[in-house]
């Protein structure tokens, strides 16, 4: 079955706002050390199943290793104690001096706690330390119902919209 999906491309250029993370008690966000591609693969599959993330499902282990060990890629992991909660991946593009927020999500059992908002705030703060021209992300109508508004509430502005065919 083919359906139409709306895709939104958003950017933020003003990093001057101070971001308060307001992490709940026992929660922490850590920068992954790139030693285990299985972590990225786990989050991609577990979070993505609800939002039709499929592009990487066919990747071989060597493709995952190459992706995760990219020197410009960062994976930030949200944990409650030692329990995995969510993550985001961002890549610094040196030539264009911009940061791309590639994937961001929270595991199903932790949704509804505003943790996605905390991850977006953390991603913006992390990106701002690189002093980029902009940070950008794309989201679509298949992503979490609050994703688009979450980005906009943090200062992201739409710079492109499109509709694409999606085969379920």
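Nothing in this text is a laboratory measurement; each read-out follows from the coordinates by a stated rule. What you see is a predicted model, and the numbers here were worked out from it, not measured in a lab. Quick reminder, even Gly has a Cβ in these numbers, built from the backbone with ideal geometry, and neighbours come from all protein chains shown.
Among the listed values (1) 24, 21, 14; (2) 53, 19, 13; (3) 22, 21, 18, the one computed from these coordinates for semi-axes √(5λ) of the Cα gyration tensor in Å is (3). What fraction of the DSSP beta bridges in the stretch 66-154 is antiparallel, stated in percent and rounded to the nearest 5? Counting only bridges with both partners in the stretch 66-154, antiparallel ones make up about 80 percent. Residues of the stretch 107-144 with an amide N closer than 18 Å to a point placed 7 Å from the Cα of residue 42 along the Cα-to-Cβ direction: 107-111.
Counting only DSSP beta bridges whose two residues both lie in the chain, roughly 90 percent are antiparallel. Measuring between their Cα centroids, the stretch 81-135 and the stretch 1-76 lie 7 Å from each other. Across all Cα atoms of the stretch 1-54, the radius of gyration (one decimal) and Dmax (whole number) stand at 16.7, 45 Å. For the peptides 112-119, 88-95, residues were scored by their other Cβ atoms within 10 Å and the scores averaged per peptide; the highest-first order is 112-119, 88-95. With the highest mean first, a sort of the peptides 98-104, 80-86, 37-43 on other beta-carbon atoms found within 10 angstrom per residue produces 98-104, 37-43, 80-86. Where only DSSP H runs of four or more residues are counted, the chain gives -7000 deg cm²/dmol as its mean residue ellipticity at 222 nm, each run worth -39500 (n - 2.57).
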